[in-house]
Amino acid sequence: MPVCDHCGYEWRRRDVWKKLSVQARGTCPSCGQMQYVTAKSRKRGSMYMLLVFLILIVQAVFEIPLWGSIAMLFALAFVLMTFVIPKVYELTSEQEALY
Ligand SMILES: [Zn+2]
């Protein structure tokens, strides 16, 4: 789980979803300090998004029906949100440029 750079509070999975999944920044539930997802972990997170394209390619090559690939995308999104994102994300008090 990501840890607050300011107070050391360990974020709950629910906080990560609620605050970080959309904007990649949010206030710490413990101390209220604005926290940003580090550029490094954002890049790492976006690597996993490449898996989505992989599924689309696999779907095209093997002619998997559309509902099959939609089901796979939902399963992948679920796994990413539940296990990968809270693990990969690290927090910092300073906003970093992505590139
Ligand atoms: Zn904090």
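Based on Cα atoms of segment 13-92, Rg over Rh with Rh as the Kirkwood radius reads 1.10. The angle between the Cα long axis of helix 66-79 and the main principal axis of the chain comes to about 20°, on a 0 to 90 degree scale. Derived scalar couplings between HN and Hα for segment 83-95 equal 10, 7, 4, x, 7, 7, 5, 10, 10, 9, 7, 9, 6 Hz in order, rounded to whole Hz, by the Karplus curve 6.51 cos²θ - 1.76 cosθ + 1.60 (θ = phi - 60°), x for Gly and Pro. Seen against the Cα atoms of the chain and their longest principal axis, helix 39-62 is set at about 10 degrees.
Positive contributions from Lys and Arg (+1) and negative ones from Asp and Glu (-1), summed over other residues with Cβ under 13 Å from the Cβ of Trp11, come out at +3. Take the alpha-carbon centre of segment 1-15, take the same for segment 56-81, and report the distance between them in whole Å. Using only Cα atoms, the two centres lie 32 Å from each other.
Where a number appears in this text, it was derived from the coordinates with a stated rule and is not lab data. None of these values were measured; they are calculated from a predicted model. In this analysis, Cβ positions are derived from the backbone assuming ideal geometry, glycine residues included, and neighbour counts consider all displayed protein chains.
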